[in-house]
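Heads up: the structure comes next, in structure tokens.
The values are calculated or read from the model by the stated rules, or taken from the named source; none is laboratory data. Note that the structure is a prediction, hence the values are computed from the model and not measured. Every residue, glycine among them, receives a Cβ derived from its backbone with ideal geometry; neighbour counts consider all protein chains shown. Each accessible area value is taken on the protein alone, full model and side chains, heavy atoms only, with ligands, DNA and RNA left out. Shrake-Rupley method; radii C 1.70, N 1.55, O 1.52, S 1.80 Å.
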Amino acid sequence: MTSPDHTSPGDTKQGFSHPGLVILLGMILTGFVIVAVIIQFLPMSGLQDAIGGYAPLDLTPEEQQWIEEHPEVWVCPDQNYPPFEQITKSEDYQGISADLLREVAKSTGLHIRVSHENNWDNCIEKIKDGSADILGAVYISSLRDEYLIYSEPYYHSLLPIITRSNTRTDMTLDQLSGKRVASVGNFTTTLLLREQYPDITVIEVPDIKTGLRKVSLGTADAYFGDMAASTYYVESEGISNLHVAGTYQPQNADDFSYAFGVRKDSPELVGIINKGLRAIPSAKRDEIFRKWISPTMTRPPISPVLVMSVIGIVAILLLVTGMAMLWNRTLTRVVKEKTADLARELAEHKKTSDSLLITRFTVDHSHAMFLWVDNTGTIRDFNETLCKETGYSPQELFHKPLDVLDARLTGQALNELVTRVRNEGRIRLETDLTIRDGTTIPVEIVLWYFTYEGTEWFCAEMQNITERKEQECSIRENEEKYRDLFQNVNDAIVLFTFDEHLLPGRIIEVNGVASIMTGYSYKELCQMQYDSLGETTLPMMTDPDHHGFSTRLFRFEWALHTATGTTIPVEINLHVFERGGAFFGLSVIRDMTERYQFEVEREAAITQIQRNMAELSLLNDAIRNPLSVILGVAEIHTNEETTVIEDQVRKIDGMINQLDRRWMESEKILNFLKKHYGMVISLDEQNRDQNR
């Protein structure tokens, strides 16, 4: 808006004249006056003046005796009901009721103790069973007359019907029939709704904040409770889309005013508290209420006479002139604001809806099966994967008992599982799931527990582990197969580690043959160093490249120590391998004692054969020479016997020739043995030895 002195030609239609400015100021002033009149003459939903009529404290003898007989008086507050009462994180009792009780205790001599309970329902039970004496902030109502009596009221408040900002503002409880109304469980407002308005769907919530959020997010149509506490949470939580759509007017003016609730069997305590309240100075009471309740909820001290005078002067100007000038502009602004609010609301709803749809789509298309069950073992929801894996249709699972999927989860077994999840919060287990065709599939389940809107829920994430079970079975079979092979092989097998310097370290596994070969037990071997089994360092350790293990396979002969102190010649095949950054050695040890003994015996036999053949060669020559002499003599002395002698000599010579042929064949065999078995003694050498 520009002033007349600075209005440009193009802005003439938009500027205000001096009379218009005056009218605008009058409108603003009259608006404040009208608001003051409404606040003055309509019933207040906030704080009214503290109750007057205070008098000096004058306790009766009966009241004084009651105080002496009750050295401690227990108050049980709602832990989360500001501004009237609350328990802070530091365990302090604070709020209007707390401050008033402290003042009462100062003037009466009561020693008040605070009982810390998790919820309001527990406080009601403690009043009923006599373990608590006072409820700090309760409505005066006949609904609790069976176990409570009340002090004089210390705060008057209307009960608002709080809805979203886009609803009407003249609503009553009767008009909420069929609607969802949130109210804190076991509060007087909840009892009132259930007894006098049965057509309303009551949503019990654990606290005021939860109820207001449900209305803000659209999961409840209205919240019914106290104005001061509701205003506290609306301001502290920054909830901007709620307003008071109506109020509840009790028939009795004192009904639903705040007072201290006292056990019905303690009327003396009520009298003491009433006198203590009256004894609180007005200034102190005002200080307490100003401390906890926003000034916007108190009645402004405007005189009705002054208000009416101002209205008489300004109202005609406002109604006749001002409304005509600003109507269009106000209407336009309101439409824009409502449109913007609606757009924000729609965007908020769309965002929430999209998020829920994405979450549900993700869960339905997960490889895991998801199942939600209530505390009675009834299936309440599940994802599509569960139907695909089990073959059940949604209709066959929805609202069915859990034993449809596992017949063992009934009765005591189900109760034990529920108790375990409650105690641990989250557990993991394996079981068999019964599918539609009657067979079972093994599953691994992660089961956890949570509460929502006062109801216990259990969520199970299940994985089909059929393939894993088959693999585990195959692994077990292979392990058994290789362990049998490991234990039943004829050679000793030793598995050992290498230390940080890549030197042989501790033995970690051996087979039975190793214990038999060394004479040590399995336990003794697994406590020994590998190189302690031999007399010398392993040959591979002398290799300059062994630290890099450029070669991973080694074969060498070694002398093995036994438990009896003897040594066994062995041949070792060693395989070095790496796992997880560490080196290990797998050695196969073969006892060479029998082979070495066989080689010695073989060499002795070959040597003996050589000697025998050499002697046979000499024997041939020794026989032929005498035969030649005999044949020569027979030819010289020819007679009848000569023919016989010659025949016998020729037979002997044939036999010697046959021995020569056999000797030649034996020489070929000896050459073969010499070539393949390292024979070093020749026939010529043997002949030379014999000739000597």
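Can you spot a residue in the stretch 149-160 that is within 25 Å of Gly454 (Cα to Cα) and either part of a loop (DSSP other than H, G, I, E, B) or touching a helix residue (DSSP H, G or I) at 6+ places or on another chain (Cβ under 8 Å) (or both)?
From the stretch 149-160, those within 25 Å of Gly454 (Cα to Cα) are 159-160; that's our starting set.
Next, only the ones that are either part of a loop (DSSP other than H, G, I, E, B) or touching a helix residue (DSSP H, G or I) at 6+ places or on another chain (Cβ under 8 Å) (or both) stay: 159-160.
Yes, the conditions are met somewhere in the stretch 149-160.
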Could you list all residues from the stretch 198-219 that are touching a strand residue (DSSP E or B) at 6+ places or on another chain (Cβ under 8 Å), within 21 Å of Phe256 (Cβ to Cβ) and assigned to a loop (DSSP other than H, G, I, E, B)? Ile200, Asp207
Kindly indicate whether any position in the stretch 634-646 is open to solvent by 60 Å² or more (accessible area, probe 1.4 Å), closer than 30 Å to Ser515 by Cα and not hydrophobic (A, V, I, L, M, F, W, C). no
Hey, can you tell me all the residues within the stretch 65-79 that are surrounded by fewer than 19 Cβ atoms within 10 Å (Cβ to Cβ) and assigned to a strand (DSSP E or B)? Trp74
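Within the group Thr439, Thr434, which residue is without any contact (Cβ under 8 Å) to a residue 60 or more places away in the chain, among the β-branched types (Val, Ile, Thr) and surrounded by 16 or more Cβ atoms within 10 Å (Cβ to Cβ)? Even if it seems obvious, please write down each step before you answer.
Details: Thr439 fails: surrounded by 16 or more Cβ atoms within 10 Å (Cβ to Cβ).
Of Thr439, Thr434, the one residue that is without any contact (Cβ under 8 Å) to a residue 60 or more places away in the chain, among the β-branched types (Val, Ile, Thr) and surrounded by 16 or more Cβ atoms within 10 Å (Cβ to Cβ) is Thr434.
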Under 8 Å between Cβ atoms, at least 6 apart or on separate chains: pull out the pairs that start in the stretch 113-127 with a residue that is among the basic types (Lys, Arg) and at pLDDT 90 or above and end on any residue that is open to solvent by 40 Å² or more (accessible area, probe 1.4 Å) and not in a loop (DSSP other than H, G, I, E, B). Arg113/Trp74; Lys126/Trp74
Odd one out for Tyr482 among (1) over 30 Å from the mean Cα position of the chain (by Cα); (2) in contact (Cβ under 8 Å) with a residue 24 or more places away in the chain: (2)
Could you say whether any residue in the stretch 95-109 is open to solvent by 20 Å² or more (accessible area, probe 1.4 Å), under 26 Å from Leu191 (Cα atoms) and at pLDDT 90 or above? no
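Could you look through the stretch 241-292, keep only residues that are part of a helix (DSSP H, G or I) and free of Cβ contacts under 8 Å to residues at least 12 places away in the same chain, and pick out the one that is least open to solvent (accessible area, probe 1.4 Å)? If you could, list the steps in order and put the result at the bottom.
Filtering the stretch 241-292 down to residues part of a helix (DSSP H, G or I) leaves 267-278, 282-292.
Now restrict to residues that are free of Cβ contacts under 8 Å to residues at least 12 places away in the same chain: 283, 287, 290.
Details: Ala283: 71, Glu287: 97, Arg290: 163 Å².
Applying the filter and picking the extreme gives Ala283.
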When both residues are 6+ apart or on different chains and their Cβ atoms are under 8 Å apart, which pairs have a first residue that lies in the stretch 567-580 and is in contact (Cβ under 8 Å) with a residue 40 or more places away in the chain, and a second that is in a loop (DSSP other than H, G, I, E, B) and of a type in the set (Val, Ile, Thr)? Ile568/Thr562
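Select from the stretch 492-510 the residues that are in contact with an Asp or Glu (Cβ under 9 Å, 6 or more places away or on another chain) and buried (at least 21 other Cβ atoms within 10 Å of the Cβ) and list them in ascending order. Give the derivation first.
We begin by selecting, within the stretch 492-510, every residue in contact with an Asp or Glu (Cβ under 9 Å, 6 or more places away or on another chain); these are 492-496, 503-506.
Matches in the stretch 492-510: Ala492, Val494, Phe496, Pro504.
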May I ask you to list the residues in the stretch 80-92 that are open to solvent by 20 Å² or more (accessible area, probe 1.4 Å) and not aliphatic (A, V, I, L, M)? Asn80, Gln86, Thr88, Lys89, Ser90, Glu91, Asp92
Considering only residues that are out of contact with any strand residue (DSSP E or B) (no Cβ under 6 Å at 6 or more places or on another chain) and basic (Lys, Arg), look in the stretch 231-286 and name the one that is farthest from Arg168 (Cα to Cα). Lys275
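Considering only the stretch 223-231, I want to know if a residue exists there that is open to solvent by 10 Å² or more (accessible area, probe 1.4 Å) and in a loop (DSSP other than H, G, I, E, B). So that I can check it myself, show each step before the final result.
Keep residues of the stretch 223-231 that are open to solvent by 10 Å² or more (accessible area, probe 1.4 Å), which gives 227, 231.
From the residues that got through so far, the ones that are in a loop (DSSP other than H, G, I, E, B) too are none.
No: zero hits.
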